[in-house]
Amino acid sequence: MKKISNNIFLIMLIFGSLITISANSWLGAWMGLEINLLSFIPLMNEGKKNLMTSESSLKYFLTQAFASSILLFAIILMMMSFNLNWMNNNFYELLILSTLLLKNGAAPFHFWFPGVMEGLSWINGLILMTWQKIAPLMLISYNINYNFFLVAIILSMIIGALGGLNQTSLRKLMAFSSINHLGWMLMAMMNNELLWMIYFIFYFFLSMSIVLLFNNLKLFHFNQVFNFSLMNPIIKFFLFLNLLSLGGLPPFLGFLPKWLVIQNLVETNQLFLLFISVCLTLITLYYYLRMSYSIYMLNFNKNSWMLMNNFNNKNMTFILTMNFFSIMGLMIISLIYLIL
């Protein structure tokens with residue numbers, strides 16, 4: 001019975017986002033966001049119930065309800081001002097943009113995001129990092145304010161890079177990584193409507209491949225990764241390269257969306273923004289490398305038994321196939337391009 005209810009909530013969650021994306025009025029978009037929020041709360045509480053899960057769902061609900069109420073207030077004010085010619089339109093734009101950035105967890109409205117991520121299971125965390133961003137991002141793309149965007153982009157990149165440096169929790173690390181990627185998506189959105197969607201699809205795939213691996217191996221904290229030496233060396237190698245791919249290191253698939261954004265920034269002559277974003281992404285690469293270093297260098301034992309244990313289930317085979325495409329994707333795409 002519980003599984004049926006979870007599936008119903010998951011379908012409602014998807015429909016809520018689709019209603020927002022396809023809405024032709026701000027009120028319809030707000031309604032879609034509310035359906036999406038109310039479907040996700042029960043999903044957050046499924047599975048193992050502990051204090052952190054309840055705290056996370058309450059934090060998420062209060063933040064999103066606060067953002068939704070301000071969004072509705074801004075929409076009503078905007079509709080009234082069109083009739084009465086009250087204020088400058090910029091005020092409503094900023095108000096709506098702020099609430100949507102709060103819903104997304106972008107800096108400077110990111111404070112709730114790592115805390116909520118910490119209390120969720122990996123699968124719910126994946127939904128929060130990926131699917132839950134689609135509807136607000138789509139609404140943000142209708143409502144671009146250049147100066148405010150610039151502040152949000154730079155702050156997201158700084159906080160995403162520096163926030164992950166002192167983390168011992170993998171879920172918080174992924175949350176700060178998500179904030180950094182959100183900065184890249186907003187930067188892509190500023191110049192090109194299609195580019196942020198391409199970036200998001202790649203980010204969705206990369207996050208999914210790494211989160212499913214963490215979920216399968218039941219890794220939640222740094223010390224578990226440190227004691228990961230008993231695992232299969234192939235899985236460790238995939239995890240290491242996948243982290244580098246998520247960070248956007250050149251030979252891997254994760255570099256492709258960043259490459260497209262960098263090319264776009266060069267074409268539009270936004271070199272200062274490009275310099276900041278590349279420098280701050282190097283810091284995110286540092287904390288991925290730190291994790292990989294602890295897997296390989298600090299505590300490495302080579303076992304001579306139970307090495308193939310993780311390959312026996314179908315889930316692991318599927319996850320490792322995804323990881324392979326995450327690592328080799330750019331090379332495969334380049335080869336296809338050269339052949340065609």
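A few remarks follow.
- Residue match in the stretch 157-175 (condition: among the polar types (S, T, N, Q) and touching a Gly at 6+ places or on another chain (Cβ under 7 Å)): no
- Scan the stretch 27-49 for residues that are over 18 Å from the mean Cα position of the chain (by Cα) and either aromatic (Phe, Trp, Tyr) or modelled with pLDDT under 90 (or both) and the total you get is 6.
- Of the helices (runs of 4 or more DSSP H) lying entirely inside the stretch 200-292, those containing at least 3 residues that are under 23 Å from Thr317 (Cβ atoms) are 233-247.
- Met185 being touching a residue at least 12 places away in the same chain (Cβ under 8 Å), within 30 Å of Asn143 (Cα to Cα) and either acidic (Asp, Glu) or open to solvent by 20 Å² or more (accessible area, probe 1.4 Å) (or both): no
- The condition (being under 30 Å from Ala188 (Cα atoms), among the aliphatic types (A, V, I, L, M) and either exposed (fewer than 13 other Cβ atoms within 10 Å of the Cβ) or at pLDDT below 70 (or both)) is satisfied by just one residue among Ile319, Ile339, Ile295: Ile339.
- Breaking point among (1) open to solvent by 20 Å² or more (accessible area, probe 1.4 Å); (2) among the aliphatic types (A, V, I, L, M); (3) touching a helix residue (DSSP H, G or I) at 6+ places or on another chain (Cβ under 7 Å), for Met197: (3)
- Of residues in the stretch 50-84 being hydrophobic (A, V, I, L, M, F, W, C) and under 23 Å from Gly119 (Cβ atoms), the one least open to solvent (accessible area, probe 1.4 Å): Ala67
- Among residues of the stretch 161-182 being touching a residue at least 12 places away in the same chain (Cβ under 8 Å) and in a loop (DSSP other than H, G, I, E, B), the one that is surrounded by the fewest Cβ atoms within 10 Å (Cβ to Cβ) is Thr168.
- Here Ile210 fulfils each of the conditions (1) among the aliphatic types (A, V, I, L, M); (2) more than 22 Å from Trp131 (Cβ to Cβ); (3) surrounded by 20 or more Cβ atoms within 10 Å (Cβ to Cβ) apart from (2).
For every residue, the table says whether it meets (1) surrounded by 18 or more Cβ atoms within 10 Å (Cβ to Cβ); (2) assigned to a helix (DSSP H, G or I).
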{"site": "Phe109", "(1), (2)": "yes, no"}
{"site": "Phe113", "(1), (2)": "yes, yes"}
{"site": "Lys133", "(1), (2)": "yes, yes"}
{"site": "Ile144", "(1), (2)": "no, no"}
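The values are calculated or read from the model by the stated rules, or taken from the named source; none is laboratory data. As the structure is a computational prediction, the values presented were derived from the model and not from experiment. As a convention, Cβ positions derive from the backbone with ideal geometry for all residues, glycine included, and neighbour counts pool all protein chains shown. To get the accessible areas, we keep the full protein, side chains included, count just its heavy atoms, and leave off ligands, DNA and RNA. Shrake-Rupley method; radii C 1.70, N 1.55, O 1.52, S 1.80 Å.
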